[in-house]
Amino acid sequence: MVDLLRARRTGEKVAVGPGADRLHAGLDTVISTMNEDPVLRAQIADEQAEAALLATQFANLHLGTVNHCMFDAPQAECQNELPADQRGTAPLIGACQPDRCRNSVITRRHAPIWIAEEDDLTDRAQDPALSPPGREAVLIRLADVQRITRALRQEGVTR
């Protein structure tokens, strides 16, 4: 997160996905706090000070495998799989749908994984031995992945 904060400080768009606006707003809040507080401004090179502010700002951030989750239970797609009395306590990272959930944020560190999956699915879709239902499943997943990779490329979030 400290790397994202530093990149955001230079004006970069550091993430895409449904939750990216909330991530950018939170990072901007941390930057404003640091800029407006003379004590924090003096500690700007101190990674611990940055990390402490980030931890406060992003108390509900969960690190996923191919995304980050800005967990807000009412918006979480993963919560739809739970009985009503079990919803809202924590995200189900294994049930995450990063391309669809409004809590999902994909950063430049995630980009190579998404791009590699797009390449793999594109190759797989061209396999003549693939059954029609298998091809349809691959093409559906490819469309989901391409929503993310297009956004990554369009916003310049890839490395």
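The values are calculated or read from the model by the stated rules, or taken from the named source; none is laboratory data. Computed from a predicted model, the values in this text were never measured in an experiment. Here Cβ is always computed from backbone atoms with ideal geometry, including for glycine, and neighbour counts include all displayed protein chains. Quick note on the areas: whole protein, heavy atoms, side chains included, nothing else; ligands and nucleic acids left out. Shrake-Rupley method; radii C 1.70, N 1.55, O 1.52, S 1.80 Å.
The C-alpha atoms of the chain occupy a region whose extents along the principal axes are 64, 42, 20 Å, arranged from largest to smallest.
Of 65, 107, which has the most accessible area and how do the rest follow, probe 1.4 Å? Don't skip to the end; give the middle numbers.
Values: 65 110, 107 5 Å².
Descending accessible area places them as 65, 107.
The label-point distance for residue 47 and residue 81, in a model that sets each label 7 Å from Cα toward Cβ, rounds to 3.4 nm.
Give me the percent relative contact order of the chain, please, defined on Cα pairs under 8 angstrom at least 6 residues apart. Working shown, then result.
Working: 195 pairs, mean separation 42.3, N = 159.
Relative contact order of the chain: 27 percent.
Sorted largest first by accessible area at a 1.4 angstrom probe radius, with every protein chain in place, the residues 39, 105 fall in the order 39, 105.
Rounded to whole numbers, the Karplus 3J(HN,Hα) couplings from phi for the range 83-100 are x, 3, 6, 10, 7, x, 8, 6, x, 9, 4, x, 9, 5, 10, x, 7, 10 Hz, using 6.51 cos²θ - 1.76 cosθ + 1.60 with θ = phi - 60°, and x at Gly and Pro.
The distance linking the range 62-116 with the range 4-37 is 20 Å (Cα centroid to Cα centroid, whole angstrom). Label separation (residue 89 vs residue 62): 1.2 nm, computed from points 7 Å beyond Cα along the C-beta direction.
Can you put 12, 118, 36, 50 in order of accessible area, largest first, using a 1.4 Å probe? Walk me through the numbers before you get to the answer.
On the way: 12 75, 118 25, 36 145, 50 0 Å².
Ranked list, largest accessible area first: 36, 12, 118, 50.
Indicate the gyration tensor shape class of the range 38-118 (rounded, prolate or oblate), computed on the Cα atoms with a ≥ b ≥ c the square roots of the eigenvalues: a/c under 1.5 is rounded; otherwise a/b larger than b/c is prolate and the rest oblate. Because a/c hits 1.5 or more and a/b fails to exceed b/c, the range 38-118 counts as oblate. Taking a point 7 Å out from the Cα of residue 135 in the direction of its Cβ, the residues of the range 103-121 whose backbone N falls within less than 16 Å of it are 121. In the chain, if the dipole is taken from +1 on Lys/Arg beta carbons and -1 on Asp/Glu beta carbons about the Cα centre, which of 63, 48, 125 is farthest to the positive end? Most positive-ward Cα: 125.
For a test of the definition: using alpha carbon positions, the gyration tensor, and the 1.5 limit on a/c, classify the range 53-95 as rounded, prolate or oblate.
oblate
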